[in-house]
Amino acid sequence: MDVQQFKQEIIAYSKTIGIDKIGFTTAAPFLTLKSRLLRQQELNYQSGFEEPDIEKRTNPALLFHEPASIISIAVAYPSKMTEHVRGKKGERRGLFSKSSWGNDYHVVLKYRLQKLADFITVNYSEARVKSMVDTGELSDRAVAERAGIGWSGKNCSIITPEFGSYVYLGEMITNIPFEPDTPIEDMCGSCNKCVEACPTGALVQGGQINAKACISYLTQTKDSLPEEYRSVIGNRLYGCDTCQMVCPYNKGMDFHFHEELEPDPETAKPLLQPLLSMSNREFKERFGHTAGSWRGKKPIQRNAILALGHFKEASAIPDLKMVIEKDPRPVIRGTAAWTLGKIGGSEALTILRKVLETETDDYVLEEIQRALSIASDAVN
């Protein structure tokens, strides 16, 4: 078979199954990425969600017998809602990042990669393939960059000329020796808007991120958040879009190509107070189809409590009273204490003083004491 001709057939077919951009590269080790990851490891900048074995992350030959090429795909997602809901006093809302709107992109892209794999194996009898999306060993961004999908921006996202950085990425290793595409020139230039806008300073410099300080990471953790990050999170429930929203290459980029990626406003921007009493079953029914649900309801509930503190939403005090008195999870009770302190007022002070007498967990007791101090200072 003429491999070059087959490559063109794959490109044409990809457009019929909802793949918005496709690129091809070699299966050579990612040496530049390896050195960068080793440096990240030295600085303790890794989130812990990544594949821990750097060799597997950078050498396709450790994942696939005799790899010859890697196919990279990109699927564009919306950056704006077509239907809007707005929060107001008494009905505050949280926000899921754009990358968690619609159906879970892992499922969406895996379906497209499977369709692509079927096409390849049916038409090339000796073909072998291995696909992955996000949770695989390889770096989606490194593959996409080398395959000409886009350049790696200072915000550590792949920026495409056609769709900005609002794209999901996936890849497929294969034994077919496709001709590689040419990488795209880095167009960030002297622009530093994303680095300057990062709420936590997680973008240490262009192209380097301290993942442990990134709001996208922080909103997915299950423990109590460090004090310095609690107010910065605002009303974010999952993820953060700041570094993408300020990027000039994302101006006007909003694509509604795929129905399954369209956001339901009540899911993408839900009311905060109902989240505090939501059961596991209710959470799965409401959010289980989204990428933002993968860590369960605990981080979402903790973030919702922080958001109520951000708004100083006094109408939430009865809900927070229920949480701090009855929730079995210390992290949730401690976070509720902090928010009651932020809201302040005599009602919040009364609740905090009462639970101080019955609470037994050291962490929660510390949070209550801190909250009482915050609330008392506000009164004085």
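Between 18, 48, the distinction of being among the small types (Gly, Ala, Ser) and in contact with a strand residue (DSSP E or B) (Cβ under 7 Å, 6 or more places away or on another chain) belongs to 18 only. Restricting attention to segment 252-280, the residues that are in contact (Cβ under 8 Å) with a residue 24 or more places away in the chain and more than 19 Å from residue 101 (Cα to Cα) total 3. Beta carbons closer than 6 Å, at least 6 apart along the sequence or on distinct chains, pair a first residue in segment 103-132 that is more than 30 Å from residue 286 (Cα to Cα) with a second that is of a type outside the set (Ser, Thr, Tyr) and assigned to a loop (DSSP other than H, G, I, E, B) for 120/127; 121/127; 127/176; 128/175; 130/64.
Within segment 342-367, the set of residues being of a type in the set (Gly, Ala, Ser) and in contact with a Leu (Cβ under 7 Å, 6 or more places away or on another chain) comprises 348 only.
Consider residue 12 carefully, then state whether it is of a type in the set (A, V, I, L, M, F, W, C) and either within 18 Å of residue 109 (Cβ to Cβ) or surrounded by 13 or more Cβ atoms within 10 Å (Cβ to Cβ) (or both). Show your work before the answer.
On the way: of a type in the set (A, V, I, L, M, F, W, C): yes; either within 18 Å of residue 109 (Cβ to Cβ) or surrounded by 13 or more Cβ atoms within 10 Å (Cβ to Cβ) (or both): no.
No; evaluated as a whole, the condition is false for this residue.
Scanning segment 268-283 for residues that are part of a helix (DSSP H, G or I) and within 16 Å of the chain's Cα centre (by Cα) gives a single hit, 268.
Please return the ranges of helices (runs of 4 or more DSSP H) entirely within segment 129-231 where 2 or more residues are modelled with pLDDT of 95 or more and in the same structural domain as residue 36 (by TED's automatic domain parsing).
On the way: elements: 140-146, 193-197, 215-218, 227-230.
Output list reads 140-146.
Listed by position, the helices (runs of 4 or more DSSP H) contained in segment 1-64 that have at least 2 residues being of a type in the set (Gly, Ala, Ser) and either in contact with a helix residue (DSSP H, G or I) (Cβ under 6 Å, 6 or more places away or on another chain) or under 20 Å from residue 160 (Cβ atoms) (or both) are 3-16.
The values are calculated or read from the model by the stated rules, or taken from the named source; none is laboratory data. Just so it is clear, the structure is predicted and the values come from calculations on it, not from any experiment. Neighbour counts are summed over all protein chains in view; Cβ atoms, including those assigned to glycine, are modelled from backbone coordinates with ideal geometry.
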